[in-house]
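To start, the structure under review is shown below, and the notes come after it.
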Amino acid sequence: MKVAIGVPSGDTVHADFAFSLSRMVLSTAKNTKIEIEQFISAKSSIIQKGRHSLVEAALLTKADYILMLDSDMTFPEDLLQVLVSKNKDIIGCNYGTRRVPFKQLVKTLTKEYYPEKKDGVEEVGYLPTGVILIKLDVFRKFVKPYFDVVWNGEDFNGEDYNFCDRARNLGFKVFCDFTLSKYIGHIGTAIVRL
């Protein structure tokens, strides 16, 4: 089992993300037979372009999966081994927005939120792509671009939700590990005043 790890970012990454990534890589190397094939960085202010570049680079490797990790996320050291063990084409985690009002990002097919106290692995309608493991064969069935922001008639559909729609249209199912999600952090921004 070979995995490419892709990180879309701006010019910097958060220290807490860097430590999460380091701990995960060390734990994976020590405790599993999963091979990390390559680390891929895509610096771009256009997130869909960054994600597209990560996939293009991963498809040139011998990896079976791409693990996308946004540079503002924190996660447990066993993240990769837990996600791989579920043996899904597309699986990720639920987490909240970075700004008030905080909302979880995984939704049903009818775009409703799931109950906050949920466990287990379940097929979902929409999944954010800040912590997501995808078999690279999924992208071999896509027409480029792999990620795109689209207007849905009322609002913009982000590159992550649009990806989920397109994957489902190709016959793939999208899953969320709600148990693992409890250990995912989304680094936010705040202005602190005395």
* Failed condition for residue 161, given (1) hydroxyl-bearing (Ser, Thr, Tyr); (2) over 16 Å from residue 103 (Cβ atoms); (3) surrounded by 19 or more Cβ atoms within 10 Å (Cβ to Cβ) -> (2)
* Asked: Given 32, 28, 74, 12, which one is of a type in the set (S, T, N, Q), modelled with pLDDT of 95 or more and farther than 18 Å from residue 85 by Cβ?
  -> 74
* Asked: So is residue 51 on the phi < 0 side of the Ramachandran plot, of a type in the set (Lys, Arg) and buried (at least 18 other Cβ atoms within 10 Å of the Cβ) or not?
  -> yes
* **Test: residue 85 is more than 15 Å from residue 2 (Cα to Cα) and among the small types (Gly, Ala, Ser)** => no
* Filter pass, residue 146 being closer than 24 Å to residue 14 by Cα, in contact (Cβ under 8 Å) with a residue 60 or more places away in the chain and surrounded by 18 or more Cβ atoms within 10 Å (Cβ to Cβ) -> no
* **Test: residue 172 is surrounded by fewer than 21 Cβ atoms within 10 Å (Cβ to Cβ), more than 14 Å from the chain's Cα centre (by Cα) and part of a loop (DSSP other than H, G, I, E, B)** => yes
* Asked: From 32, 28, 74, which residue is β-branched (Val, Ile, Thr), buried (at least 17 other Cβ atoms within 10 Å of the Cβ), over 14 Å from the mean Cα position of the chain (by Cα) and over 19 Å from residue 145 (Cα atoms)?
  -> 28
* To do: Working only within the range 132-141, note down all residues that are surrounded by fewer than 15 Cβ atoms within 10 Å (Cβ to Cβ) and not in a loop (DSSP other than H, G, I, E, B).
  => 137, 140
* **Check on residue 129, assigned to a helix (DSSP H, G or I), β-branched (Val, Ile, Thr) and touching an Asp or Glu at 6+ places or on another chain (Cβ under 6 Å)** => no
* When the range 18-34 is examined, which residues are found to be over 14 Å from residue 67 (Cα atoms) and among the hydrophobic types (A, V, I, L, M, F, W, C)? -> 18, 19, 26, 29
* Could you list, in sequence order, all residues of the range 159-186 that are touching a Ser or Thr at 6+ places or on another chain (Cβ under 8 Å) and small (Gly, Ala, Ser)? => 185
* **Among (1) free of Cβ contacts under 8 Å to residues at least 60 places away in the same chain; (2) on the phi < 0 side of the Ramachandran plot; (3) surrounded by fewer than 20 Cβ atoms within 10 Å (Cβ to Cβ), the one test that residue 87 misses** => (2)
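The values are calculated or read from the model by the stated rules, or taken from the named source; none is laboratory data. Nothing here was measured: the structure is a model prediction, and the numbers come from that model. Every residue, glycine among them, receives a Cβ derived from its backbone with ideal geometry; neighbour counts consider all protein chains shown.
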